[in-house]
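Quick notes on the structure that follows.
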Amino acid sequence: MVQTGPAPMFFAAVQNQMRMFHATPAVLKQQFIGTVVSDKPQKTVIVSVERTYKHPKYHKTMRARTKLMAHDELDEYKVGDMVRIEQHRPLSRNKHWVVLGHADTAREAAAAPARE
């Protein structure tokens, strides 16, 4: 029995939605700018990343620091350098970040909102 009417359009729409659902999304990796606090391990730097957030109850702007281990293949970054790091597949037990390069502090300062 041949079916006519809106049913084939409905199935086409469902198939289109399924195709969109199963498509692989573009993966956006997180990037941070931080300061190298240690370069003792081989091919690794420890980067301190500072973030600000508003306290949920008191509404005060708080600062929190996180230390992340990042891969530095050439051991070219030293303590005190401002670097940009990006999320990466796990390279070791604690190392899930890779150093992209020195942070362009002038460009970053221009992009950030001015503090008063």
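Summary table
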read-out	value
Spin-label model distance (nm) - K78 vs K40, 7 Å beyond Cα toward Cβ	1.9
Residue-wise HN-Hα coupling along region 94-100, computed from phi with Karplus coefficients 6.51, -1.76, 1.60 (Hz; x: Gly, Pro)	10, 9, 10, 10, 9, 7, 8
Stretchable slack from V49 to M62, in nm (0.36 nm times residue separation minus alpha-carbon distance)	3.3 nm
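A short reminder: the numbers here are calculations on the coordinates, not readings from a lab. Model, not experiment: these values are computed from the prediction. Note: ideal-geometry Cβ built from the backbone for every residue, glycine included; neighbour counts use all protein chains shown.
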